[in-house]
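Before any comments, here is the structure.
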Amino acid sequence: MTPTLFIRPQEDLAGAVDWLRAMSPRAEGSAGRSALSDLAEQASGSRVVILVPATCVTLLEAKIPARNRGQLLRAVPYALEEELAGDIEAFHFSVRPGRDGGAHVAVMKREWLQRLLAMLEDLGVLPSAVVPESLCLPLAEGEWTLLVDEGRCVIRTGPWEALGLDAGDLSAVLGAVEEGSESRRVWRVYDGSSSGIDVDALIPEERLANHERIEGAMFLLARQYFSFRPLNLLQGEFAVRHGWQDTLKRWRYAAGLVVLTGAAYLAGVALENRQLALERDAARAEMAELYKATFPDAVRVIDPAVQMRSRLQALRDQQGAGGAGFLDMLDGSGRLLMAEDDVEVRLLRYRDGRLELDLQAGSIEQLESLQRSLQEKAFVAELKSVRNEGGRYLARILLTTGSS
């Protein structure tokens with residue numbers, strides 16, 4: 001079982017704190033008083049519960065029509081604004097929905113709670129509950145409860161009625177409680193062994209139901225906490241976050257960076273795919289133009305690469321069946337053209353056993369030399385349509401095999 005460390009600070013957070021490390025709901029365990037900074041080791045591996053001094057918490061009730069806790073938290077400050085001395089922004093409100101549209105409200109100074117939580121955070125301590133000590137006092141039907149402990153007094157007169165005070169004000173406050181109550185009840189007193197206050201002199205014997213001497217208040221408050229689990233003040237901006245929420249909060253920036261990086265990568269991939277698709281379409285268009293230029297008798301071009309391979313295979317088959325055809329002329333002329341530095345092929349056509357080469361050269365002599373070279377390879381080469389354009393000579397050579 002996970003132990004629970006109860007910490008009871010003073011209103012002055014710089015003072016020593018009472019603590020109890022309870023190992024069971026019977027509040028059995030070790031207790032003591034020390035500086036808050038000395039409790040890091042005690043808090044390790046423990047569930048931490050803070051008992052807020054009754055002088056720091058005001059218990060109120062409000063009538064607020066709200067459908068959920070979120071609406072209740074937003075409406076409560078304005079419903080109680082007139083009952084509080086100061087700007088409502090300076091207070092922290094915790095609520096527990098009641099019956100018939102009512103709400104139980106605990107009000108405390110926001111700055112005090114912020115300081116306390118900051119001090120605990122510096123120790124690496126994250127409390128799971130912060131509760132009013134006044135709600136951890138036992139309360140029986142027809143009775144009021146008084147706790148006197150080390151100069152601190154807490155009075156509880158109802159399920160949601162309590163107050164804290166200094167021991168020096170006890171006599172006056174007891175009288176005020178008696179006068180302000182419509183029904184006279186008896187007192188149940190829990191008296192710390194070193195309080196030094198003569199409670200019997202303040203409360204008549206017939207009004208004293210029980211006067212119990214206790215060894216410090218921590219065991220009493222812890223037992224009551226385990227039995228009734230009073231209101232947790234960690235609500236709204238101070239709400240306890242679960243472990244996975246804290247982990248998510250710590251890693252949300254890294255996660256956001258990962259998401260942005262992933263989005264940028266996917267956008268880059270999409271852009272690259274789009275560019276490749278455009279290049280593919282352009283290549284298909286060029287292949288179609290080349291196919292139609294090579295085979296002018298082509299009617300439809302659906303897949304130029306496949307159709308080109310098919311026509312070339314047909315030409316190979318034709319050559320293998322007995323004659324030198326397109327491939328022989330292409331091979332023979334190609335070798336000669338590659339040897340000519342200043343001769344450029346502008347267009348190539350094959351039709352009816354004849355290869356037409358539209359060429360561009362720097363001089364007529366180059367064209368005539370190429371014609372003689374082709375004829376030496378046993379081709380029939382005719383040079384036609386020679387003309388000069390801008391200092392370059394354009395011509396067409398009609399090439400057939402000697403057997404055509």
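The values are calculated or read from the model by the stated rules, or taken from the named source; none is laboratory data. This structure is a prediction, so every number in the text was calculated from the model and none was measured. Neighbour counts run over all protein chains shown; Cβ positions are idealised from the backbone, glycine included. These accessible areas exclude ligands, DNA and RNA; they are computed on the full protein's heavy atoms, side chains included. Shrake-Rupley method; radii C 1.70, N 1.55, O 1.52, S 1.80 Å.
General observations
- Within this structure, ARG188 fails the test of being surrounded by 20 or more Cβ atoms within 10 Å (Cβ to Cβ), under 50 Å from the mean Cα position of the chain (by Cα) and assigned to a strand (DSSP E or B).
- Tally of residues being modelled with pLDDT of 90 or more and within 22 Å of VAL131 (Cβ to Cβ) across the range 190-227: 12
- The residue that is least open to solvent (accessible area, probe 1.4 Å), among those in the range 89-122 that are at pLDDT 90 or above and more than 30 Å from ALA43 (Cα to Cα), is HIS104.
- For beta carbons closer than 7 Å, sequence separation of 6+ or different chains, a first residue in the range 66-78 that is more than 17 Å from ASN232 (Cβ to Cβ) and a second that is in a helix (DSSP H, G or I) and modelled with pLDDT of 75 or more, the qualifying pairs are ALA66/LEU72; ALA66/ALA75; PRO77/ILE88.
- Scope the range 2-26; condition surrounded by 21 or more Cβ atoms within 10 Å (Cβ to Cβ), closer than 27 Å to THR58 by Cβ and of a type outside the set (D, E, K, R); matching residues: THR4, LEU5, PHE6, ILE7, PRO9, TRP19, LEU20
- Residues (over 25 Å from LEU126 (Cα atoms) and either part of a helix (DSSP H, G or I) or open to solvent by less than 50 Å² (accessible area, probe 1.4 Å) (or both)) located in the range 212-232: ILE214, GLY216
- Test: residue in the range 151-171 that is touching a Lys or Arg at 6+ places or on another chain (Cβ under 6 Å) and under 26 Å from TRP112 (Cβ atoms): yes
- Among the residues listed as GLU212, GLU178, the single one being acidic (Asp, Glu) and over 22 Å from LEU51 (Cβ atoms): GLU178
- In a residue-by-residue description of the range 68-88, the property of being open to solvent by 10 Å² or more (accessible area, probe 1.4 Å), outside any helix (DSSP H, G or I) and in contact with a Pro (Cβ under 8 Å, 6 or more places away or on another chain) applies to no position.
- Yes/no for LEU120 being under 30 Å from PRO3 (Cβ atoms) and of a type in the set (A, V, I, L, M): yes
- Each residue in the range 48-95 was checked for being over 30 Å from GLU150 (Cα atoms) and among the hydroxyl-bearing types (Ser, Thr, Tyr), and 1 pass.
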